[in-house]
């Protein structure tokens, strides 16, 4: 009954979420058009708000699906030595990560205080791009949690099959290790969302740095600096929280050589350099230097995210 109910919930999530994602694509394209076409710009704010609300609705569907996982699926030790457990999976894993990033960016896009019009329009276009990328590269509804689904389905197949006791124990312990050290880890509920919120603020800071070079007015420096400070604090706290998790989860493994960890630290150094450079922004040449450093630092954000998919390592899908 539990697994059947889970499958029904998964089908419902996909059935409702897929049309919603097509709506997100349409709204994203509409947002780009209203931001670019001057006579339609009065509608841009409303479209951005509608897109963000739609993203939020989709995220609530995912929250419900994760709740159904927690209440319907039970991981049981075939030997009875360990207590049964359930999966408390955060809503920013597997193909949900970029969707969560887009949602946070949408919230930041519509809740900010008065901004220069051209900056807001550029932010709207950026949000539209994130929406399009979500549709084509990170659809969380086409196959909800595909890796988890495959792992649990395999566990259930082995437990109900004719495999020997050793195979059943290996299968159980493999999934149990993921449940305890990854899905149900308290660090998983804190470390990734802090980083994704930081990444979202860095998007806004990046646009500020771009306009620092284009417009050369104080407003864009203030925007870039404000969002960088917020993102840097969140990034630093997120990394500090991730450290004890890494020590505990990967005992005996050289996790400090993980490509994503090293690239993330380089990104942190670049944002630190930006903040230090900004202290001397009124000196000759430092306006341009600060803006360029902010742009290079955001390139580190992009590379850090892409590393998950193209470079093997502890954090990597590629492995």
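Report yes if some residue within the range 56-74 is in a loop (DSSP other than H, G, I, E, B) and under 21 Å from residue 153 (Cβ atoms); otherwise report no. Yes, the range 56-74 contains at least one residue that is in a loop (DSSP other than H, G, I, E, B) and under 21 Å from residue 153 (Cβ atoms). Looking across the range 146-175, the residues that are touching a residue at least 24 places away in the same chain (Cβ under 8 Å) and surrounded by 13 or more Cβ atoms within 10 Å (Cβ to Cβ) come down to 147, 148, 149, 151, 152, 155, 156, 159, 168, 169, 172, 175.
Of the residues in the range 223-230, at least one is surrounded by fewer than 18 Cβ atoms within 10 Å (Cβ to Cβ) and either out of contact with any strand residue (DSSP E or B) (no Cβ under 9 Å at 6 or more places or on another chain) or in a helix (DSSP H, G or I) (or both).
Of the residues making up the range 160-201, those that are within 17 Å of residue 87 (Cα to Cα) and either touching a strand residue (DSSP E or B) at 6+ places or on another chain (Cβ under 9 Å) or not in a helix (DSSP H, G or I) (or both) are 172, 175, 176, 179, 180, 184, 185, 190. Checking each residue in the range 23-48 for being touching a helix residue (DSSP H, G or I) at 6+ places or on another chain (Cβ under 8 Å) and under 16 Å from residue 99 (Cα atoms) picks out 23, 24, 25, 27, 28, 48.
Could you tell me whether the range 72-87 includes any residue that is under 22 Å from residue 151 (Cα atoms) and within 22 Å of the chain's Cα centre (by Cα)? Within the range 72-87, one or more residues are under 22 Å from residue 151 (Cα atoms) and within 22 Å of the chain's Cα centre (by Cα). Kindly indicate whether any position in the range 34-48 is surrounded by 16 or more Cβ atoms within 10 Å (Cβ to Cβ) and closer than 27 Å to residue 143 by Cα. Checked against the condition, which is being surrounded by 16 or more Cβ atoms within 10 Å (Cβ to Cβ) and closer than 27 Å to residue 143 by Cα, the range 34-48 yields at least one hit. Regarding residue 133, is this residue more than 18 Å from residue 67 (Cβ to Cβ), surrounded by fewer than 17 Cβ atoms within 10 Å (Cβ to Cβ), touching a residue at least 12 places away in the same chain (Cβ under 8 Å) and not assigned by TED's automatic domain parsing to the domain that holds residue 308? Here the answer is yes, as residue 133 does meet what is asked. Does residue 242 qualify as being modelled with pLDDT under 90 and either in the same structural domain as residue 282 (by TED's automatic domain parsing) or in a helix (DSSP H, G or I) (or both)? Judged against the criteria, residue 242 is a match.
The values are calculated or read from the model by the stated rules, or taken from the named source; none is laboratory data. Bear in mind the structure is a predicted one, so any value in this text is a computation, not a measurement. So basically every Cβ, Gly included, is an ideal-geometry build from the backbone, and we count neighbours across all protein chains shown.
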